[in-house]
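For reference, the structure is listed below as structure tokens.
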Amino acid sequence: MLTPALHAVVQRLQNAARQSGRPAPTLLAVGKRQPAAAIAALAAAGQHAFGENYVQEAVAKQAELASDPRAAGLEWHLIGHLQSNKATLAAQAFDWVQTVDRAKLVPLLAAARPADRPPLNVLLQVNIDDETSKHGCAPGDVAALADAVASQPRLRLRGLMAIPAPLPDMDRRRDAFRRMKALFDAQAARFASIDTLSMGMSEDFELAIAEGATMVRVGTALFGERPARG
Ligand SMILES: *Cc1c(COP(=O)(O)O)cnc(C)c1O
């Protein structure tokens, strides 16, 4: 049974896809600062992919959920900034890292990916509105970073991710999504493994879908407001 919030988000997502004539994107449920129990409840309702912002928080939740049959076989995505000293743990704890934004991370992740696991799925985080956010590579650096990831057998280059500035002007957000789609298409033409464009959150995922997102990252609309930090 879908929870009411999951049902509502899936409806919105399918409507947006239908209206723009695109396939429905993958829904990534963003569980940052939500308790493990909330993730288990959503997993029981059929949600498969979960995003976390902090490596340690994800590892703690995975440990809590380890004996919970509702959470068996979930797919974990890192969507928060990755510090180099957390790369080893990230390569072990996640199925996807969406925030690779500098060459230094590439050999660290590749070396740490356990041999008994499939290659780590990687998205390159792009700083598409460069004046406002501090993480992500410059659009002009995407091709070289893509080459670096693609050269590593223990990594699988799947595409691009962005967190455009949360501008009140929706036309400007749309423009950022459009520029991401153009970057994505250029890299997808170079690498057959590329199939994922991760963009759009609770407030604007319909717009992102209209511009070609294949994965949307949704927290608040699924879980409600996040508990305060600490
Ligand atoms: C928190 C977060 C989201 C989800 O944001 P909501 O507005 O709660 O849907 C998506 N992506 C990233 C990178 C986030 O940090």
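Each reported figure results from applying straightforward, stated rules to the coordinates on display, with no laboratory input. These numbers come from a predicted model, not from an experiment. Note: ideal-geometry Cβ built from the backbone for every residue, glycine included; neighbour counts use all protein chains shown.
Quick notes on this structure:
- Rounded to the nearest 20 debye, the dipole size of the stretch 114-230 about its Cα centre is 420 debye, using +1 on the Cβ of Lys and Arg and -1 on the Cβ of Asp and Glu.
- Per-pair calculated FRET efficiency, R0 = 35 Å: ALA115 and ALA144 via Cβ, rounded to 0.05: 0.80
- Solution diffusion estimate, µm²/s, Stokes-Einstein, the stretch 1-44, Kirkwood Rh from C-alpha pairs, 20 °C, viscosity 1.002 mPa s: 184
- Comparing ALA162, ALA144, GLY21 along the charge dipole axis of the stretch 4-222, the residue lying farthest to the positive side is ALA144, per the Cβ-charge model.
- Straight Cα distances below 16 angstrom link LYS181 to the aspartates and glutamates ASP129, ASP141, ASP171, ASP195, ASP204, GLU206, GLU211, with same-chain residues fewer than 8 positions distant left out.
- Helix content alone sets the calculated 222 nm mean residue ellipticity of the chain: runs of n ≥ 4 DSSP H residues at -39500 (n - 2.57) each, divided across all residues, give -11500 deg cm²/dmol.
- Leading residue at positive end of dipole, the chain (Cβ point charges), from ALA60, PRO153, ALA43: PRO153
- Partners for LYS86 among lysines (Cα-Cα distance below 20 Å; same-chain residues under 8 apart left out): LYS32, LYS61, LYS104, LYS134
- Distance between the 7 Å Cα→Cβ label points at HIS135 and ALA8: 2.8 nm.
- Put a plus charge on the Cβ of each Lys and Arg, a minus charge on the Cβ of each Asp and Glu, and nothing anywhere else: the dipole of the stretch 4-222 about its Cα centre is then about 280 debye.
- Cβ crowding within 10 Å averaged over residues, with 90-102, 140-152 ranked highest first: 90-102, 140-152
- Alpha carbon centroid spacing (whole Å) that separates the stretch 170-191 from the stretch 1-25: 22
- Separation between Cα centres of the stretch 39-60 and the stretch 63-85, rounded to whole Å: 6
- Dipole orientation for the stretch 4-222: of the candidates LEU105, GLY219, MET199, LEU105 has the Cα lying most toward the positive pole (charges on Cβ; Lys, Arg +1; Asp, Glu -1).
- Using a simple spin-label model with pseudo-atoms 7 Å out from Cα toward Cβ, GLN92 and ARG172 lie 4.3 nm apart.
- Whole-number D in µm² s⁻¹ for the chain, Kirkwood Cα-pair radius fed into Stokes-Einstein, 25 °C, 0.890 mPa s: 138
- Relative contact order (%) - the stretch 4-222, alpha-carbon pairs under 8 angstrom, separation at least six: 21
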